[in-house]
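To start, the structure itself, in structure tokens.
Bear in mind that the values in this text are calculations on the coordinates, not laboratory data. Note that the coordinates shown come from a computational prediction; the quantities given were computed from them, not determined experimentally. Methodologically, a virtual Cβ is constructed for each residue, glycine included, from the backbone with ideal geometry; neighbour enumeration extends over all protein chains shown.
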Amino acid sequence: MATKLTGGCLCGAVRYESTGDPGMSGHCYCRDCQYSSGGSNSSGMFVPKAGFKLTKGQLKHYEVTADSGKKLSRGFCSNCGSPLISVLESIPDQIEIRVGSLDDPNQFKPAFNIYMASAPKWAPVAPELPKFQKMPG
């Protein structure tokens, strides 16, 4: 049975649901994630794009070029600014859900810490998870 995830933004203007089993999930400490989260990292889980849909509202997107040279688009609420998803050109059949936007963040099962080379010395890090200095090649 596929996993159902629901979530939305702080003000309630945007809601989503996802049906499908999550794939990769972890904590990213790259500078882009620090800027977009306002903290030391962002936590995300990838879900099948085919099973993801907005059920209320629309997202505004901000696009950057990732270390891979491919585009990364971050979707957020234009009203309250809550980060909700990321769409990576390098993983076209998946959407990354930002864990803080989940109705039940306990559904998140992190498997790694990535971009540790950029992690601030004060950053909380899950010590039991594998740590990667950069994106594994």
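Some observations on this one:
- Legend: residue pairs Lys49/Lys71; Lys4/Lys109; Lys4/Lys71; Lys53/Lys131, Cα-Cα distance threshold 25 Å; pairs beyond threshold, Lys4/Lys71; Lys53/Lys131.
- Around Glu63: net Lys/Arg minus Asp/Glu count, Cβ-Cβ under 10 Å: +1
- The stretch 1-60 and the stretch 68-137 have Cα centres separated by 9 Å.
- The residues packed around Ser25, meaning those with a beta-carbon under 13 Å from its beta-carbon, carry a net charge of 0 if Lys and Arg are +1 and Asp and Glu are -1.
- Charge dipole magnitude, Cβ of K and R +1, D and E -1 - the chain, Cα centre, debye nearest 20: 200
- Projecting the Cα positions of Ser43, Gln107, Cys77 onto the charge dipole of the stretch 4-119 (unit charges on Cβ atoms of Lys, Arg, Asp and Glu, taken about the Cα centre) puts Cys77 furthest along the positive direction.
- Applying a DSSP loop filter and a limit of 13 other Cβ atoms within 10 Å to the trypsin sites (Lys or Arg not before Pro) in the stretch 61-119 leaves Lys70.
- Relative contact order of the stretch 4-119, taken over Cα pairs closer than 8 Å and 6 or more residues apart, is 33 percent.
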